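Visitor: Could you have a look at this structure, given as structure tokens, before my questions?
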Amino acid sequence: MLSMIGLLGGLILLIVLTMRGMNLLVVAPLCALFVAALSGIPLFPQLAAEGEANLVGNYMAGFSGFVAAWFLMFLLGAIFGKVMEDSGAADSVSKWIVAKLGMKQAVLAIVLACAILTYGGVSLFVVAFSVYPMAVGLFKQANLPRRFIPASLAFGSVTFTMTSAGSPEIQNWIPIEYLGTSPYAGWEVSLIVAVFMAVFGYWWLRKMITKAVKNGEKFEARKDDPEVAEKELPNPIAGLLPLVVVLIISFIFHDALKQSALIVALLGGVIAAYLLNRKYFTDFWEAVSGGTLGALIAIGNTAAVVGFGGVAKGVPAFDVAVNAMTSIPGSPLIGGAIAVSVIAGMTGSASGGQAIALPILAPHYIDMGVNPEALHRTVAISSGALDSLPHNGYVVTTVRAICGETHAAAYGAVGALTVIVPLIGLALAVVLFSFGLGI
């Protein structure tokens, strides 16, 4: 009982402290210490018996293991994003979409711009930074409440694109190592679920904005509002081609190289972006340096919560919780989906939740005869639901740092679109797989 209190208390503490703006690299070890203390786990390896769980050993094993497995993907993904940003390629694609859809479809234009960039392999954070200035301009011209900008950015980035079949985002590639699948696993179900989430989520977003406008809300300008820089941009086709290169290379090499195909694909995207748009760069090597720093911060924050999860899974209460979730009656996919969703919610990270859950869950479900492709897609979609609770790094960065909003003002819409919509999509995926579709 004390261990369960420590586990739940540590999670709540992690959420509260993160929402207060504290650094994850500091907060995660402190919360792990709370979990370990209430579970009676020794603090240092020297105080534990051989093979016994301990705070420092478990935390650093989780932290370093995630970095070792995914650093190159984070690095190249961040560099690719910064190269697309610095050359103006990302802006070119976004502006082209906005011009085609027009001001009356301002919200749809923002969502689609984020979706295309995300599905093309651009880092989620870079997408938010890149599209935000245009989103402010569009919301201002359409006189829409700016508190819905974070929801528009997040909906286009972390829902129907991030976890869909073929996506170059790592949330779609982590299961490959444990299930022996491909990034296109369960693509039939993935397509249906993605279309559902896109249509239903956009309808809900428009409904929330319309209701707010009817209640008298309008755009409120700020002195520090960004302005879209007037600079010469590449042709939209030259902006799109690096995204296409990433998708094509990942498709060609995914069977032979598995998750390492993502390294080749993102490197190809960087090279293509440079060759096609080199005369538009402000400073190519500065963009590379900026991407490198961004990668270190992103993987550090994610690894920090994976480290917290490494301590959490070493306490007795964790086994009790996992056994309860994996023993749920009905389709085994339900238990797997709930387990991954809960762990992703605990860590505030879709990739972190998968990295913690899959080594434990994958052998269990494969031994039960669960279809690996169905499990891959279910795990991917489920990881992108509860991970977007208020303490999630992307949510905190987008709401506070990029958009300058408060959780109180903006998170309601963000939570509806990035937690509830994916959960409904997850339920739809489990039902479709249960009827044998895509298996």
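Visitor: Is there a pair in LYS104/LYS218; LYS100/LYS207; LYS82/LYS231; LYS104/LYS214 whose C-alpha atoms are over 20 Å apart, and which pairs would that be?
Guide: Details: LYS104/LYS218 16 Å; LYS100/LYS207 23 Å; LYS82/LYS231 17 Å; LYS104/LYS214 17 Å.
With Cα atoms farther than 20 Å apart: LYS100/LYS207.
Visitor: Lys/Arg Cβ at +1, Asp/Glu Cβ at -1, dipole of the chain taken about the Cα centre: which of LEU38, LEU101, VAL158 is farthest positive-ward?
Guide: My answer, from the dipole projection, is LEU101.
Visitor: Quick one, could you list the DSSP H helices from the chain stretching 27 Å or more along their long axis (Cα atoms) with average Kyte-Doolittle hydropathy of -1.0 or above? Don't skip to the end; give the middle numbers.
Guide: Details: long enough: 55-86 (42 Å, 1.24); 187-214 (40 Å, 0.96); 236-257 (32 Å, 2.17); 284-312 (42 Å, 1.27).
Span-like helices, by this rule, are 55-86, 187-214, 236-257, 284-312.
Visitor: Now for a separate question. Let a ≥ b ≥ c be the square roots of the eigenvalues of the Cα gyration tensor of segment 221-341; is it rounded (a/c under 1.5), or, if not, prolate (a/b larger than b/c) or oblate? Walk me through the intermediate numbers first.
Guide: Working: a/c = 2.56, a/b = 1.82, b/c = 1.40.
Verdict is prolate for segment 221-341.
Visitor: Taking the square root of 5 times each eigenvalue of the Cα gyration tensor, what semi-axes in Å does the equivalent ellipsoid of segment 292-422 have, largest first? Kindly include the intermediate steps, with their values, before the conclusion.
Guide: Working: eigenvalues 151, 56, 35 Å².
Over the Cα atoms of segment 292-422, the ellipsoid semi-axes are 28, 17, 13 Å.
Visitor: Still on this model: Count the net charge of all other residues whose Cβ sits under 13 Å from the Cβ of PRO242, scoring Lys and Arg as +1 and Asp and Glu as -1. Walk me through the numbers on the way to the answer.
Guide: Details: positive: LYS82, ARG278; negative: GLU85, ASP86.
Taking every other residue near PRO242 into account, the sum is 0.
Visitor: Go ahead and set up a Gaussian network model of the chain, Cα springs under 10 Å, then flag whichever of VAL342, VAL320, VAL246 fluctuates most.
Guide: It is VAL320.
Visitor: Here's something else I'd like to know. Quote the accessible area belonging to LYS313 in square angstrom, nearest 10, computed with a 1.4 Å probe and with ligands, DNA and RNA left uncounted.
Guide: LYS313 has an accessible surface of roughly 80 Å² with all protein chains in place.
Visitor: Gaussian network model of the chain, Cα springs within a sub-10 Å range: biggest mean-square fluctuation belongs to which of ASP255, ASP224, ASP86?
Guide: The residue with the greatest mean-square fluctuation here is ASP224.
Visitor: Now for a separate question. Set the Förster radius R0 to 56 Å, insert the Cβ-Cβ distance between VAL244 and ALA408 as r into 1/(1 + (r/R0)^6), and round the FRET efficiency to 0.05. Don't skip to the end; give the middle numbers.
Guide: Values: r = 41 Å, r/R0 = 0.72.
E(calc), rounded to 0.05, equals 0.85.
Visitor: Counting only other residues whose beta carbon sits under 12 Å from that of GLU217, what net charge do I get with K and R as +1, D and E as -1? Let's see the in-between values first.
Guide: Values: positive: ARG146, ARG147, LYS211, LYS214, LYS218; negative: GLU220.
Charge balance in the 12 Å sphere: +4.
Visitor: Could I ask something else about it? I need the peptides 364-371, 55-62 ranked by packing, meaning the mean over residues of other C-beta atoms within 10 angstrom, with the highest value on top. All intermediate terms of the calculation are to be shown ahead of the outcome.
Guide: Details: 364-371: 15.4, 55-62: 22.0.
Ranked from most to least packed, the peptides come out as 55-62, 364-371.
Visitor: Additional query: I'd like to compare 193-200, 38-45, 279-286: which one has the highest average count of other Cβ atoms within 10 Å, and what's the full order after that? Could you put the intermediate results ahead of the total?
Guide: Details: 193-200: 19.0, 38-45: 16.6, 279-286: 13.1.
Top of the packing list down: 193-200, 38-45, 279-286.
Visitor: Among the aspartates and glutamates, which fall within straight-line cross-link reach of LYS258, defined as a Cα-Cα distance under 12 Å, with same-chain neighbours fewer than 8 residues apart omitted?
Guide: GLU177
Visitor: Of SER64, GLN141, SER250, which is farthest on the positive side of the dipole of the chain, counting Cα position, with +1 on Lys and Arg Cβ, -1 on Asp and Glu Cβ, and the Cα centre as origin?
Guide: Among SER64, GLN141, SER250, the one farthest towards the positive end of the dipole of the chain is GLN141.
Visitor: Specify the residue with the greatest mean-square fluctuation among SER331, SER152, SER92, computed from a Gaussian network of the chain linking alpha-carbon atoms under 10 Å apart.
Guide: Of SER331, SER152, SER92, the most mobile in the Gaussian network model is SER331.
Visitor: If you don't mind, there's one more thing I want to ask. Just name one of ILE209, LEU112, LEU361: the one whose Cα is farthest towards the positive end of the charge dipole of the chain (beta-carbon charges, Lys/Arg +1, Asp/Glu -1).
Guide: Positive-most Cα among the choices belongs to ILE209.
Visitor: Using the Cβ atoms and a cut-off under 12 Å, what net charge is assigned to the surroundings of ALA53, where Lys and Arg are +1 and Asp and Glu are -1? All intermediate terms of the calculation are to be shown ahead of the outcome.
Guide: Details: positive: LYS313; negative: GLU50, GLU52, ASP319.
Within the 12 Å Cβ shell, the charges total -2.
Visitor: Would you please put 5-18, 121-134 in order of how densely packed they are, using the mean number of other Cβ atoms within 10 angstrom per residue and starting with the highest? All intermediate terms of the calculation are to be shown ahead of the outcome.
Guide: Values: 5-18: 19.3, 121-134: 24.6.
By packing density, highest mean first, the sequence is 121-134, 5-18.
Visitor: Can you give me the C-alpha center-to-center distance between segment 41-60 and segment 305-360, rounded to a whole angstrom?
Guide: 21 Å
Visitor: Given axes a ≥ b ≥ c from the Cα gyration tensor, I'd like to know whether segment 196-264 is rounded (a/c under 1.5), prolate (a/b larger than b/c) or oblate. Walk me through the intermediate numbers first.
Guide: Numbers: a/c = 3.41, a/b = 1.69, b/c = 2.02.
The shape class here is oblate.
Visitor: Report, ordered by chain and residue number, the aspartates and glutamates lying within cross-link reach of LYS313, taken as a straight Cα distance under 15 Å and ignoring same-chain residues fewer than 8 apart.
Guide: LYS313 reaches GLU52.
The values are calculated or read from the model by the stated rules, or taken from the named source; none is laboratory data. Since this is a predicted model, take the numbers as computed values, not measurements. All Cβ positions, glycine included, derive from the backbone under ideal geometry; neighbour counts span all protein chains shown. To get the accessible areas, we keep the full protein, side chains included, count just its heavy atoms, and leave off ligands, DNA and RNA. Shrake-Rupley method; radii C 1.70, N 1.55, O 1.52, S 1.80 Å.
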